[in-house]
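Each remark here refers to the structure printed beneath this line.
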Amino acid sequence: MKKTNNKIEEFIRVDHAGERGAVKIYEGQLLALNTIVKDENLKKTIEDMKVHEIEHCQFFENEIKKRNIKPTKLLPLWDLLGVGLGFGSTILGKKAAMLCTASVEEVIDKHYLDQINQLGPEEKELKKKIIKFREDELHHKDIAYEKGASKKGLYSIMDKIIKTGSKIAINISEKI
């Protein structure tokens with residue numbers, strides 16, 4: 001079993017929580033799309049993005065096991081909030097659903113970039129994965145804007161709330 005330094009442990013713990021959170025947000029969005037909101041195009045877009053998030057989550061799940069890192073104790077809470085955010089944003093409409101994706105991905109872009117800049121040559125494989133995952137997330141953000149995400153009017157408030165919540169979840173998940 002590899003002994004991992006604290007910074008790397010924090011990176012993996014928070015990235016695992018974040019990727020799992022992304023999966024849960026998309027699950028919440030799909031729940032709304034399968035029950036209340038009928039939009040087959042939006043459903044397909046979200047299903048496609050969810051595939052990437054599952055791949056990312058599985059990678060960090062494996063890293064947690066391989067490196068014997070404890071996941072965040074707040075996973076059950078993040079799961080619940082993720083599904084709620086996904087569901088809630090989608091019942092507000094397509095613009096809100098896509099803004100949810102764009103807002104989260106903008107926070108993750110900066111978060112992953114910070115990690116990439118801190119990872120040294122001893123973590124070459126981890127760095128390579130995070131670079132690839134960041135590219136996936138940026139692609140999701142672009143799709144969200146193409147599909148109608150907007151920060152105009154009240155959406156600007158929603159954007160700030162989602163970004164603040166995401167940053168708080170990151171800060172907590174690194175430590176607990």
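The values are calculated or read from the model by the stated rules, or taken from the named source; none is laboratory data. Predicted, not measured: the structure shown is a model, and the values here were computed from it. We place every Cβ from the backbone using ideal geometry, glycine too, and count neighbours over all the protein chains shown.
Do we find that E63 is surrounded by 14 or more Cβ atoms within 10 Å (Cβ to Cβ), touching a residue at least 60 places away in the same chain (Cβ under 8 Å) and either touching a Lys or Arg at 6+ places or on another chain (Cβ under 8 Å) or not in a helix (DSSP H, G or I) (or both) in this structure? Walk me through how you get there before you give the answer.
On the way: surrounded by 14 or more Cβ atoms within 10 Å (Cβ to Cβ): yes; touching a residue at least 60 places away in the same chain (Cβ under 8 Å): yes; either touching a Lys or Arg at 6+ places or on another chain (Cβ under 8 Å) or not in a helix (DSSP H, G or I) (or both): no.
No.
Contact list please: Cβ distance under 6 Å, first residue in segment 29-42 and in a loop (DSSP other than H, G, I, E, B), second residue surrounded by 15 or more Cβ atoms within 10 Å (Cβ to Cβ), pairs at least six apart or on different chains.
Qualifying pairs under 6 Å: I36/I91; V37/T90.
Going through segment 1-59 one residue at a time, which ones are small (G, A, S) and in contact with a Cys (Cβ under 8 Å, 6 or more places away or on another chain)? Don't jump to the end; show me each part of the working.
Start the filter on segment 1-59 by keeping residues that are small (G, A, S), which leaves 17-18, 21-22, 28, 32.
Scanning segment 1-59 gives a single hit, A22.
Yes/no matrix, rows are residues, columns are (1) among the aliphatic types (A, V, I, L, M); (2) farther than 30 Å from K7 by Cβ; (3) surrounded by fewer than 17 Cβ atoms within 10 Å (Cβ to Cβ):
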site	(1), (2), (3)
A22	yes, no, no
I36	yes, yes, yes
L42	yes, yes, no
I54	yes, no, yes
Q58	no, no, yes
I69	yes, no, no
L74	yes, no, yes
G82	no, no, no
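Quick one: would you say K129 is closer than 23 Å to K167 by Cβ, of a type in the set (K, R) and at pLDDT 95 or above? Reasoning before the result, please.
Details: closer than 23 Å to K167 by Cβ: yes; of a type in the set (K, R): yes; at pLDDT 95 or above: yes.
In short, yes.
Among the residues of segment 152-176, which ones are of a type in the set (K, R) and within 14 Å of E105 (Cα to Cα)?
At the first step, the residues of segment 152-176 found to be of a type in the set (K, R) are 152, 160, 163, 167, 175.
Result: K160, K163, K167.
Across segment 123-167, what is the number of residues that are aliphatic (A, V, I, L, M), farther than 24 Å from D48 by Cβ and not in a helix (DSSP H, G or I)? If you could, list the steps in order and put the result at the bottom.
Within segment 123-167, the first condition is being aliphatic (A, V, I, L, M), and the residues that meet it are 126, 130-131, 138, 143-144, 149, 154, 157-158, 161-162.
Then keep just the ones that are farther than 24 Å from D48 by Cβ; that gives 126, 154, 157, 161.
Within this subset, residues satisfying the condition of being not in a helix (DSSP H, G or I) are 154.
Residues in segment 123-167 being aliphatic (A, V, I, L, M), farther than 24 Å from D48 by Cβ and not in a helix (DSSP H, G or I): 1 in total.
Could you list all residues from segment 138-158 that are closer than 18 Å to K43 by Cα and within 17 Å of the chain's Cα centre (by Cα)? Outline the logic, then answer.
Within segment 138-158, the subset closer than 18 Å to K43 by Cα is 139-149.
Residues satisfying the conditions are H139, H140, K141, D142, I143, A144, Y145, A149.
Which pairs have Cβ atoms under 8 Å, sit 6 or more apart or on different chains, and link a residue in segment 73-96 that is outside any helix (DSSP H, G or I) to one that is not aliphatic (A, V, I, L, M)?
Partner pairs satisfying both residue conditions: L74/S173.
Taking segment 37-64 on its own, how many of its residues are under 19 Å from L92 (Cα atoms) and not polar (S, T, N, Q)? Can you show your working first?
Restricting attention to segment 37-64, the residues satisfying the condition of being under 19 Å from L92 (Cα atoms) are 37-47.
Now drop any that are not not polar (S, T, N, Q), which leaves 37-40, 42-44, 46-47.
Count: 9.
Which one of these is over 21 Å from I143 (Cβ atoms) and either free of Cβ contacts under 8 Å to residues at least 40 places away in the same chain or crowded, with 22+ Cβ neighbours inside 10 Å (or both): K110, K128?
Details: K110 fails: over 21 Å from I143 (Cβ atoms).
Being over 21 Å from I143 (Cβ atoms) and either free of Cβ contacts under 8 Å to residues at least 40 places away in the same chain or crowded, with 22+ Cβ neighbours inside 10 Å (or both) holds for just one of K110, K128, which is K128.
With respect to N62, determine if the residue is more than 14 Å from the chain's Cα centre (by Cα) and at positive phi. Quick ask: steps written out before the conclusion?
Values: more than 14 Å from the chain's Cα centre (by Cα): yes; at positive phi: no.
No, not satisfied.
Yes or no: segment 138-156 includes at least one residue that is under 18 Å from G82 (Cβ atoms), surrounded by 13 or more Cβ atoms within 10 Å (Cβ to Cβ) and among the aromatic types (F, W, Y).
No, every residue in segment 138-156 fails to be under 18 Å from G82 (Cβ atoms), surrounded by 13 or more Cβ atoms within 10 Å (Cβ to Cβ) and among the aromatic types (F, W, Y).
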